1. Working from the pairwise distances between different alpha carbons, so that the mean of 1/r is found and then inverted, what is region 109-202's Kirkwood radius in Å?
2. Let me know the Rg and Dmax you get for region 182-306 when you use only its Cα atoms, in Å.
3. Could you point to the label whose value was computed as P(r) over Cα pairs in 10 Å bins from 0, in percent for the structure here, given [x] 4, 18, 24, 20, 14, 9, 6, 3, 1, 0, 0; [y] 4, 17, 19, 15, 12, 10, 8, 6, 4, 3, 1, 0; [z] 5, 22, 32, 25, 13, 3, 0, 0?
4. Return the inverse of the average 1/r over all pairs of distinct C-alpha atoms in region 198-248, which is the Kirkwood hydrodynamic radius, in Å to one decimal.
5. For the chain, give me the percentage of DSSP beta bridges that are antiparallel, rounded to the nearest 5 percent.
6. Could you work out the mean projected area of the convex hull around the alpha carbons of region 2-111, in square nanometres to one decimal?
7. Can you tell me the order of 72-79, 130-137, 340-347 when each peptide is scored by its average per-residue count of other Cβ atoms within 10 angstrom, highest first?
8. Over region 338-437, what is the mean sequence separation of C-alpha contacts under 8 Å (at least six apart), divided by residue count, expressed as relative contact order in percent?
Amino acid sequence: MDASSVLADFFLKTRYEDLPQNLAAEVKKQVLDYIGVAIAGACQPVANEVRELYEEIGGAKQAVVWGSGKKMPVINAAQINATIGHCLDFDDVHEPAVMHPGVISIPTVLAVGDYVGGITGKELITGIALGGDMICRMSLAAYPGKNKIPSGWHCTTLNGSMVSANLTAKILDLNPDQAVSAIGIAYHQASGNGQTVKDGALTKRLGPGFAVRNGITSALLARKGVTGARNTFSGDWGFAHQYHHDDWDNDLLVGELGERWESSSISIKPYPCCRGLHHFCDIALEMYHELKLDPNQIERIRIWCGPSTMPLLGTPLEIKAFPRNVVESQFSIAWGVVAGLATGQVTLQEYMDNELGIHNPEILALSKKIVSLDEDPALALPGFDGGRVEVTMKDGAVHTKMRETPKGTPDDPLTFDDVLVKFRGCLKSAERHISPANADQILELVTDLENLKDTTELTKLIVWEN
């Protein structure tokens, strides 16, 4: 039996009561985090253009667009809500899978929830748990035990269409055959690559929105009787062969369903940049605060990363150290290091296109002190590679720090209070603000999410003051 049938059946049968007790608490953190990150990104480049485009097109008022509060066709609203959540590269991540689960599952479930007139908080939690589990399993099954970055795929976008389709099928209460077709239709649209990162293009922000739009469309078409591939994963030209050259472990995709929940191993980001460079941000901040390094006394900086990390985050150094745009800074080890060493913080401020961000003279002065950024095979890991930084001071003192894992992993997770601080910070940094009363109500509803009777009570609060 193809994995699409197994996953469709699992989604349709799973209820809130089937989830591990700790998973609901993790999902609550993910929801609060995503709403904050989305509001902070809602007026960024690409977010504005996508919203303006669909406002011009118009259409049925089916689901809420976060921020504006306007209603649009469900596929358009979901695309916007996914896009704004990915604009700042501040959304959650699964390290071994090297992708972002929440930006697919959360906007899908809430927008489709609007479309059907509301679902319960328990149904919301269950959907997000299922979606996070499936999308991570899909990535883990490909190139098992190896780093995913060299494949060139943007796994969030690549896997997201099929996950969104399966989630939508569950909410629409499709039958198993229709759900399998929804996954197959979505497979026909699966794409997403890393070239946009290499080119510093704003398209990077669009990928999850495309996936969510495709997934919801696929399920709606399946409900109308359109058929999709039945052997999406294991067929002769299925996902395992066509996209991953049969370097694939199907047991990692469907083994221990309902027992091994990858959605319980999702990390919430403390820094607004690619998770693969968070190690380096941690190192820079530890040097600044614990060693109390004076950035003006730094003579030179040397950096080492793993071989899988280098093509995406390390090279070319002349661009990574002096990013020409925000996307380049978000995917730069060098920028994460010098931002932390120069300012003692790595926040949204350091990743803005202004004099406090990527044009900050104090940070750029330290960029000139980077003498090398080299590969070290000893730092190679299956998920994101480890990192090492060496700082030599003008008085000759040499400080070296290494990290294999960044803060915020499942072994060292952000607490709900940590996420609340991030949520408040995101709302404060947003160009347009939701009211304090709405923010407090959002927090109240998310804290007690399992008892929410109607998710439209939540989505109607995610709106700007004016």
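1. Numbers: mean 1/r = 0.0687 Å⁻¹.
It works out to 14.6 Å.
2. Both quantities, over Cα of region 182-306: 21.3, 68 Å.
3. Answer by label: [z].
4. Working: mean 1/r = 0.0754 Å⁻¹.
For region 198-248, inverting the mean 1/r across all distinct Cα pairs yields 13.3 Å.
5. Details: 20 of 26 bridges.
Within the chain, antiparallel bridges account for around 75 percent of the total.
6. Values: hull surface 34.0 nm².
The number I arrive at for region 2-111 is 8.5 nm².
7. Result, highest mean Cβ count within 10 Å first: 130-137, 72-79, 340-347.
8. Details: 60 pairs, mean separation 13.2, N = 100.
Answer for region 338-437 is 13 percent.
The values are calculated or read from the model by the stated rules, or taken from the named source; none is laboratory data. Source: prediction; values computed, not measured. All Cβ positions, even for glycine, are placed from backbone atoms using ideal geometry, and neighbour counts span all protein chains on display. Accessible surface is based on the protein model in full, side chains and every heavy atom, while ligands, DNA and RNA are left aside. Shrake-Rupley method; radii C 1.70, N 1.55, O 1.52, S 1.80 Å.
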